[in-house]
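**Q** Okay, handing you the structure first.
What follows is calculated from the coordinates using simple rules that are stated; it is not laboratory data. Since this is a predicted model, take the numbers as computed values, not measurements. We place every Cβ from the backbone using ideal geometry, glycine too, and count neighbours over all the protein chains shown.
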Amino acid sequence: MAESLNTIASYTGAMATTIQVSKELLQALKKRKMYDKESYEDIIWDLMEDTMELSEETKRNIRQAEEDIKAGRVKTLEQVKKELGIR
């Protein structure tokens with residue numbers, strides 16, 4: 001099984017981390033790169049972001065926004081454009 005794994009190494013200052021992944025996973029990670037020098041760590045963090053818990057501040061902001069919408073304390077984009085004189 002070790003032959004079918006690829007090594008991804010990441011070096012940050014004096015610290016290094018190495019993980020082994022299958023060829024299929026390595027290819028999938030490569031396809032997700034938005035630019036050539038994007039690190040695998042950045043790609044993995046982006047993938048994990050969807051499963052991470054929202055901060056308490058973010059949850060409060062969402063609740064406040066929902067309350068503002070229900071109370072009608074919002075304006076449409078068209079209303080804002082009209083107030084600013086934008087067409």
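**Q** For the charge dipole of the range 34-87, defined by +1 on Lys and Arg C-beta atoms and -1 on Asp and Glu C-beta atoms about the Cα centroid, which residue among Trp45, Tyr35, Val80 has the Cα displaced farthest towards the positive pole?
**A** Val80
**Q** So, one more: Return one number: the angle in degrees, 0 to 90 and rounded to the nearest 10, between the long axis of the Cα atoms of helix 40-49 and the longest principal axis of the Cα atoms of the chain.
**A** Around 40 degrees separate the two axes.
**Q** Would you list, by chain and number, the aspartates and glutamates whose Cα falls below 20 Å from the Cα of Lys31, excluding same-chain residues fewer than 8 positions away?
**A** Glu41, Asp42, Asp46, Glu49, Asp50
**Q** Next question. Top mean-square fluctuation among Thr18, Thr51, Thr76, Gaussian network model of the chain, C-alpha springs under 10 Å?
**A** Thr76
**Q** Next question, about the same structure. Mind pulling the angle between the C-alpha long axis of helix 56-70 and the longest principal axis of the chain? Nearest 10 degrees, somewhere in 0 to 90.
**A** Once rounded, one gets 30 degrees.
**Q** Taking loop as defined by DSSP and a crowding limit of 15 other beta carbons within 10 Å, which chymotrypsin sites (Phe, Trp or Tyr not before Pro) in the range 26-87 fit?
**A** Tyr35
**Q** Let me ask another. For the chain, what does -39500 (n - 2.57) per DSSP helix run (n ≥ 4), summed and divided by total residues, give at 222 nm, in deg cm²/dmol to the nearest 500? Provide the component values of the computation, followed by the final result.
**A** Numbers: 4 runs with 42 residues, N = 87.
Taken over the chain, the calculation gives -14500 deg cm²/dmol.
**Q** Another question, if that's okay. Among the lysines, which fall within straight-line cross-link reach of Lys37, defined as a Cα-Cα distance under 23 Å, with same-chain neighbours fewer than 8 residues apart omitted?
**A** Qualifying lysines at Cα under 23 Å: Lys23.
**Q** Rank Leu47, Leu77, Leu29 by mean-square fluctuation in a GNM of the chain with C-alpha springs under 10 angstrom and give only the top-ranked residue.
**A** Result for the chain, Cα springs under 10 Å: Leu77 fluctuates most.
**Q** Still on this model: Would you mind telling me which residue in Glu53, Glu67, Glu24 has the biggest mean-square fluctuation in a Gaussian network model of the chain, where springs connect alpha carbons within a distance under 10 angstrom?
**A** Among Glu53, Glu67, Glu24, the largest GNM mean-square fluctuation belongs to Glu67.
**Q** Residue by residue through the range 17-30, which ³J(HN,Hα) values in whole Hz follow from phi under the Karplus form 6.51 cos²θ - 1.76 cosθ + 1.60 (θ = phi - 60°), with glycine and proline marked x?
**A** The phi angles translate into 10, 10, 10, 10, 9, 6, 4, 4, 5, 4, 5, 5, 5, 4 Hz.
**Q** To the nearest 20 debye, what charge dipole does the chain have about its Cα centre, counting +1 at the Cβ of each Lys and Arg and -1 at the Cβ of each Asp and Glu?
**A** Here the chain has a charge dipole of around 520 debye.
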